[in-house]
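Participant: Supplied in C-alpha cells, the structure appears directly below.
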Amino acid sequence: MPLFSVPTGELVIPAIAPSPRPIENPDGRTSFASDAPLFSLIVPTFNEGQSIEALVAVLTERLNQKWIGQYELIVVDDDSPDGTWAIALNLTETYPQLRVVRRQIEKGLSTAVIRGWQVARGKILGVIDGDLQHPPETLLDLLEQMEQGVDLAVASRHIGEGGVSTWSVVRRFLSRGAQMLGLLLLPSVVSRVSDPMSGYFLVRRAAIAERTLNPLGYKILIEVLGRGAIKTIAEVGYVFQERQDGESKVTWQHYLDYLHHLLRLRLDRDRLGVFVRRLNFPVKRFLKFGLVGGSGVVVDMTILYMLHGVVGLGLTRSAIAAAEVAIISNFIWNDIWTFSDLSRQQRDRQRVFKRFLKFNLICLAGLVLKVLLLNLLFNLFGMNAYLANLLAIAAVTLWNFWVNLKLNWRVTQVK
Ligand code: GDD
Ligand code: MN
C-alpha cells in the first residue's frame with residue numbers, strides 16, 4: 001500500500017470520514033473500498049523502528065479477537081532518521097489494516113495525532129504510543145467503554161490497577177507537578193480525568209470534529225478535553241510499561257510547551273483571555289523571562305549567603321553584590337535564551353554591552369518601582385505585607401519584561 005499524503009492547513013477533523021480506501025486491482029486499476037472501519041487508532045512515532053513491528057503484531061492479535069475487519073491502524077511518523085515509516089510501510093503487506101503517513105515538514109506529537117485523525121475513516125478515533133509502553137490489552141477495555149456510549153475513554157495510570165512500573169522519584173514528581181499545574185491553570189478541563197497526561201485514549205469523532213484544534217507539544221488529551229464536546233468519560237486503569245527499545249523524546253522544551261499549551265487553552269476559553277489575545281502579548285517569551293527571573297532569585301540568595309554568611313561581609317554590601325551578580329546572570333540567560341532571536345541579530349560586543357547597561361538601568365528602575373508599589377499597597381491600602389510584596393514583584397516583572405522588550409532587545413539599525 002502506498003504512503004498516505006499528509007493533510008495540510010488547519011487542524012480540523014472532518015465530521016464524516018474522508019474518501020474511502022483505494023485498492024490496487026491486479027489489472028493495475030484503482031478502485032475504492034467503502035467498508036470504512038469502525039475505529040481508527042493512530043500510532044505517532046519518532047525513531048520507533050525497533051518496536052513498531054512488535055506493536056503492530058500484538059495490536060492485531062488482540063484486536064482480531066473481537067474487532068476483525070472493523071479497525072485500521074495509522075502510523076504517523078515524522079520522517080524518523082531510523083526509517084520507522086519505511087519499516088511500517090513494509091508491514092502493510094502482512095497487515096492490510098495498517099496505513100502509514102510520513103510527515104516531512106510539520107513536527108511534533110500532538111499535531112501528528114491530529115493529522116492521523118484527519119485521514120482516519122473510523123467513527124471512533126484513538127491514539128496509542130508506538131513504543132509498547134501502553135499495554136495493548138487495555139485497548140479492548142477502552143473499546144468496550146466506547147460501545148457503552150461514552151464520548152471519551154481514557155487509559156489512566158491513576159485509577160484502579162493503574163500505575164507506573166519503575167519511575168524515578170524525579171519523574172513521578174514532574175508528572176504529578178505537571179498535573180497540579182494543570183489543575184491550577186485549567187481546573188475545568190484538567191480535573192475531568194484522573195490522568196490528564198495520558199496519551200492513550202479513544203474519542204468519538206463527533207465530539208471533536210469540525211473544531212479548529214490548536215495543540216502544542218505532547219499533551220493531546222488536554223486539547224481534546226479543552227476544545228471537544230465531551231459529555232461522558234470513562235477511565236480504565238493501566239500500568240505504564242518500561243521502555244524496551246529506543247528512548248523517550250521528552251525534553252525540557254516539552255514542559256515549557258505544556259505550560260504554554262495550558263495558558264493558550266485557558267486564554268481561548270474565557271473573555272479575559274480573548275482580550276489578552278487581542279493585545280498580542282508574547283506569552284512564551286514572558287514565561288521564559290519569568291523563569292530567568294526565578295533563577296535570579298536563587299543566584300541572589302546563594303551569593304548573599306556566601307558573602308554575608310560565609311565570608312562575613314556586611315549585609316548591605318553583600319546584598320548589593322548579590323543583586324548585581326543576579327542581574328548579570330539574568331542578563332546572560334535573557335540574551336542567549338529569552339531574546340535569542342533578537343540578540344542574534346546584533347551580536348557585536350558594543351551592542352551586547354549596551355544592552356547589559358540598559359538592562360541594569362531597567363532593573364534598577366524596577367527596584368525603585370517595586371519599593372514604591374509595596375509601600376503604596378501596604379501603607380495606603382492596608383494590604384498584608386507579604387501579599388503586597390508578591391503583587392509588587394508580579395507587577396515589576398511585567399514592567400521589566402515590557403520595557404526590556406520594547407526598549408532594549410528590539411532590533412535597531414540592522415544592516
Ligand atoms: N510523530 C511523532 N512526532 N511522534 C512522536 C514525536 C514527534 O515529534 N515525539 C514523540 N513521538 C512518539 C514516540 O515515538 C512515542 O511513540 C510516543 O510519541 C510517546 O513518546 P515518548 O517520548 O515515548 O513519551 P513518554 O513515554 O515519555 O511519554 C508519555 O507520557 C505519558 C504518560 O505521562 C506520553 O507520550 C503519553 O502518551 C503517556 O501516556
Ligand atoms: Mn514512551
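The values are calculated or read from the model by the stated rules, or taken from the named source; none is laboratory data. Quick caveat, the model's predicted, so the values are computed rather than measured. Using ideal geometry, Cβ is built from the backbone for each residue, glycine included, and neighbour counts are taken over all protein chains shown. Remember, those area values only see protein heavy atoms, side chains included, never the ligands or the DNA or RNA. Shrake-Rupley method; radii C 1.70, N 1.55, O 1.52, S 1.80 Å.
Participant: At 7 Å along the Cα-to-beta-carbon direction for both residue 268 and residue 188, put a label point, then send me their distance in nm to one decimal.
Facilitator: Roughly 1.4 nm, to one decimal.
Participant: In nm, what is the difference between 0.36 nm times the number of residues separating residue 12 and residue 291 and their Cα-Cα distance? Write out the running numbers ahead of the final one.
Facilitator: Values: separation 279, 0.36 × 279 = 100.44 nm, distance 3.34 nm.
Residue separation times 0.36 nm, minus the Cα-Cα distance, leaves 97.1 nm.
Participant: Evaluate the charge dipole of segment 67-121 about its Cα centre and quote only its size in Debye, nearest 20, assuming +1 on the Cβ of each Lys and Arg and -1 on the Cβ of each Asp and Glu.
Facilitator: Its charge dipole is roughly 200 debye.
Participant: So, by mean Cβ neighbours within 10 angstrom, what's the order for 261-274, 115-128, 197-210, 348-361 with the highest one leading?
Facilitator: Values: 261-274: 16.1, 115-128: 24.3, 197-210: 21.0, 348-361: 13.2.
Packing order, densest peptide first, comes out as 115-128, 197-210, 261-274, 348-361.
Participant: What's the ranking of 313-319, 216-222 by average number of surrounding C-beta atoms within 10 Å, highest first?
Facilitator: On the way: 313-319: 13.0, 216-222: 24.1.
My ranking of the peptides, most packed first, is 216-222, 313-319.
Participant: Something else now. At a Förster distance of 60 Å, what's the computed FRET efficiency of residue 328 paired with residue 159, Cβ-Cβ distance as r, to 0.05?
Facilitator: Working: r = 49 Å, r/R0 = 0.81.
Efficiency, from the Cβ-Cβ distance: 0.80.
Participant: Further, regarding this structure: Any idea what angle helix 52-67 forms with the longest principal axis of the chain, computed on alpha-carbon atoms, 0 to 90 degrees, nearest 10?
Facilitator: Once rounded, the angle reads 60 degrees.
Participant: Still on this model: How big, in percent, is the set of alpha carbon pairs in the chain lying more than 40 Å apart?
Facilitator: Details: 27850 of 85905 pairs.
Within the chain, distances greater than 40 Å cover 32 percent of Cα pairs.
Participant: What does the net charge come to around residue 402 if you take all other residues with beta carbon closer than 13 Å to its beta carbon, with K and R at +1 and D and E at -1? Walk me through the numbers before you get to the answer.
Facilitator: Numbers: positive: 285, 406, 410; negative: none.
Around residue 402, the charge tally is +3.
Participant: Modelling each spin label as a point 7 Å along the Cα-to-Cβ direction, I'd like the residue 64/residue 171 distance in nm, to one decimal.
Facilitator: Rounded to a tenth, the inter-label distance reads 3.2 nm.
Participant: Same structure, new question: Leaving out ligands and nucleic acids, note down the accessible area per residue over segment 22-277 with a 1.4 angstrom probe, in whole Å². Don't skip to the answer; put the middle values down first.
Facilitator: Working: 11330 Å² over 256 residues.
That works out to 44 Å² per residue.
Participant: In whole percent, what relative contact order does segment 282-408 give with Cα contacts below 8 Å and a gap of six or more residues? List each step's numbers first, then the result.
Facilitator: Values: 83 pairs, mean separation 30.0, N = 127.
24 percent.
Participant: Express in nm, to one decimal, how much length is gained between residue 341 and residue 245 on full extension, taking 0.36 nm for each residue of separation and deducting their alpha carbon distance. Provide the component values of the computation, followed by the final result.
Facilitator: On the way: separation 96, 0.36 × 96 = 34.56 nm, distance 3.61 nm.
Separation in residues times 0.36 nm, less the Cα-Cα distance, equals 30.9 nm.
Participant: Okay, moving on. Quick one: with all protein chains in place, what share of the accessible area of segment 282-408 is carbon or sulfur, to the nearest percent (1.4 Å probe)?
Facilitator: Working: 5730 of 7920 Å².
Carbon with sulfur: 72 percent of the solvent-accessible area.
Participant: Pairs 284/370; 249/288; 219/370; 123/219; 66/107: which are spaced more than 31 Å apart, C-alpha to C-alpha? Don't jump to the answer; show the numbers that get you there.
Facilitator: On the way: 284/370 24 Å; 249/288 21 Å; 219/370 37 Å; 123/219 22 Å; 66/107 34 Å.
In this structure, 219/370; 66/107 lie more than 31 Å apart at Cα.
Participant: What residues have an amide H closer than 5 Å to that of residue 240, excluding those fewer than 5 places away on the same chain, when H is modeled at 1.01 Å from N in the peptide plane?
Facilitator: Here 163, 164, 165 satisfy the definition.
Participant: Let me know the charge dipole size of segment 238-353 about its Cα centre in debye, to the nearest 20, where only the beta-carbon of Lys, Arg (+1) and Asp, Glu (-1) is charged.
Facilitator: On the way: 16 positive and 11 negative charges, 118 e Å.
So the dipole magnitude of segment 238-353 works out to roughly 560 debye.
Participant: If you don't mind, another one. So between residue 380 and residue 90, what do we pick up on full extension, going 0.36 nm a residue minus the alpha carbon distance? Walk me through the numbers on the way to the answer.
Facilitator: Numbers: separation 290, 0.36 × 290 = 104.40 nm, distance 7.38 nm.
Fully extending the segment from residue 380 to residue 90 adds 97.0 nm.
Participant: Given only helices, namely DSSP H runs of n ≥ 4 each adding -39500 (n - 2.57), what is the per-residue ellipticity at 222 nm of the chain, to the nearest 500 deg cm²/dmol? Can you show the working numbers first?
Facilitator: On the way: 15 runs with 196 residues, N = 415.
That comes out to -15000 deg cm²/dmol.
Participant: Cα-based Rg of segment 282-408 per 2.2 N^0.38 Å, rounded to two decimals?
Facilitator: Output field value: 1.13.
Participant: Using the Cα centre of the chain as the reference point, and only Cβ charges (+1 on K/R, -1 on D/E), how large is the resulting charge dipole? Debye, rounded to the nearest 20. Write down the numbers at each step before the final one.
Facilitator: Working: 45 positive and 37 negative charges, 508 e Å.
That gives a dipole near 2440 debye.
Participant: Which FRET efficiency, nearest 0.05, do residue 302 and residue 407 yield, Cβ-Cβ r, R0 51 Å?
Facilitator: On the way: r = 30 Å, r/R0 = 0.58.
For R0 = 51 Å, the calculated efficiency reads 0.95.
Participant: Checking the cross-link filter: which aspartates and glutamates have an alpha carbon closer than 14 Å to that of residue 358, excluding same-chain neighbours under 8 positions apart?
Facilitator: Partners within reach: 324, 335.
Participant: Another question, if that's okay. Just want the answer: with Cβ charges of +1 for Lys and Arg and -1 for Asp and Glu, which residue in 267, 135, 392 is farthest toward the dipole's positive end in the chain?
Facilitator: 392
Participant: Also: Compute the distance in nm between two label points, each set 7 Å from the Cα along the Cα-to-Cβ direction, one at residue 360 and one at residue 123.
Facilitator: Computed distance between label sites residue 360 and residue 123 equals 7.1 nm.
Participant: Something else now. Relative to the first principal axis of the alpha-carbon coordinates of the chain, what is the inclination of helix 252-269, with its axis defined by its Cα atoms, in degrees from 0 to 90 and to the nearest 10?
Facilitator: Between helix and principal axis, roughly 90 degrees.
Participant: Only bridges with both residues in the chain count here: give the DSSP antiparallel percent, nearest 5. Don't jump to the answer; show the numbers that get you there.
Facilitator: Details: 12 of 36 bridges.
Beta bridges within the chain, antiparallel portion: roughly 35 percent.
Participant: Could you tell me which residue out of 304, 407, 163 lies farthest along the dipole of the chain toward its positive end? Charges go on the beta carbon: Lys and Arg +1, Asp and Glu -1, centred on the Cα centre.
Facilitator: 407
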